[in-house]
Amino acid sequence: MIEHTKSSPNWSSRPDGVNSVWGAILHHTGTGGNTGQAVANFFAMRSSEVSAHDVIDQKGIVWHCVPIYRAAWHAGECRRYDWDRDGKLEDWEQYVNSRTGGIELCNTGSLSDDFPNAQLRSTALILRRWDAKCPNFKLRNITDHQTVNLNGKIDLRPTFPAAKLFWFITHPNTSLPPGSVYAALPDWARHQVDEIKRA
């Protein structure tokens with residue numbers, strides 16, 4: 001995986017550093033597959049007032065924009081999500097920027113634009129790194145922006161291959177299984193796929 005750093009000034013301090021990170025929000029950029037550097041450059045402008053922790057293009061190249069111990073400005077105002085999985089929606093759980101990592105995947109958002117395996121594998125690797133680094137991070141708390149945002153924005157689009165992503169998360173450095181990828185996933189991963197796919 002090829003990695004670059006293009007630091008963004010658009011971040012806030014987290015309440016408790018990496019201990020504040022409970023999950024991850026996936027986005028698509030709305031731009032073409034080779035626009036990772038351009039998106040990272042945009043995030044590097046203070047005037048953009050937006051950022052993500054990482055941008056990943058369709059070749060799997062990663063641009064690191066905000067370190068995970070800081071809160072990137074990627075989600076805006078959101079509804080509560082049960083990050084600690086205690087069955088209750090608490091006030092702190094609406095502050096998604098403070099509680100998650102944000103990944104922007106280069107994709108136009110059109111139904112004809114793919115998310116190649118190289119892009120998914122790099123995404124899975126970043127998510128596994130966060131899982132290892134952040135004590136409260138849960139792989140079952142990986143979801144998309146549409147799940148938590150309040151304005152009805154479609155982000156990710158319905159054709160996102162969520163089952164493939166969770167396969168690469170749970171089976172790093174392996175090929176896709178024969179037959180149904182979804183059926184081969186553990187129950188918790190299928191739940192997250194259903195959430196992202198609106199099943």
TODO: Scan the range 116-128 residue by residue and report those that are in a helix (DSSP H, G or I), surrounded by fewer than 20 Cβ atoms within 10 Å (Cβ to Cβ) and not basic (Lys, Arg).
DONE: Asn117, Ala118, Leu125
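A quick yes/no check of all residues on (1) within 19 Å of Leu127 (Cβ to Cβ); (2) out of contact with any Pro (no Cβ under 7 Å at 6 or more places or on another chain):
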| site | (1), (2) |
| --- | --- |
| Val148 | yes, yes |
| Asn151 | no, yes |
| Asp155 | yes, yes |
| Ala163 | yes, yes |
| Asn173 | yes, yes |
| Ser180 | no, yes |
| Asp187 | yes, yes |
| Gln192 | yes, yes |
| Arg198 | no, no |
Task: Within the range 18-29, considering residues that are crowded, with 16+ Cβ neighbours inside 10 Å and of a type outside the set (A, V, I, L, M), the one nearest to Gln192 (Cα to Cα) - done: Gly23
Open item on the list: What pairs come out if I take residues in the range 25-36 that are under 21 Å from Leu127 (Cβ atoms) and pair them with residues that are in a loop (DSSP other than H, G, I, E, B) and among the polar types (S, T, N, Q) whose C-beta lies under 6 Å away, six or more apart or interchain?
Closed with: His28/Asn107; Gly33/Gln58
TODO: Could you give me the residue pairs with C-beta distances under 6 Å whose first residue belongs to the range 167-193 and is within 17 Å of Pro116 (Cβ to Cβ), whose second residue is at pLDDT 95 or above and part of a loop (DSSP other than H, G, I, E, B) wherever it lies, and which are 6+ apart or on separate chains?
DONE: Trp167/Val181
Task: Residue match in the range 107-126 (condition: closer than 14 Å to Gly30 by Cα and among the hydrophobic types (A, V, I, L, M, F, W, C)) - done: yes
Task: Residues of the range 85-108 satisfying the condition of being crowded, with 16+ Cβ neighbours inside 10 Å and assigned to a loop (DSSP other than H, G, I, E, B) - done: Tyr95, Cys106, Asn107
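Could you list, in sequence order, all residues of the range 57-71 that are in contact with a Cys (Cβ under 7 Å, 6 or more places away or on another chain) and either within 12 Å of Ile103 (Cα to Cα) or free of Cβ contacts under 8 Å to residues at least 40 places away in the same chain (or both)? Lay out the reasoning, then the answer.
Taking the range 57-71 as the starting set, the residues that turn out to be in contact with a Cys (Cβ under 7 Å, 6 or more places away or on another chain) are 57-58, 68.
Within the range 57-71, Asp57, Ile68 qualify.
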- [ ] Answer yes if at least one residue in the range 8-17 is surrounded by fewer than 17 Cβ atoms within 10 Å (Cβ to Cβ) and closer than 16 Å to Arg129 by Cβ, and no otherwise.
- [x] yes
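The values are calculated or read from the model by the stated rules, or taken from the named source; none is laboratory data. Just so it is clear, the model here is predicted, and its values are computed rather than measured. A quick note on method: Cβ atoms are made from the backbone with ideal geometry, for glycine too, and the neighbour counts reach across all protein chains shown.
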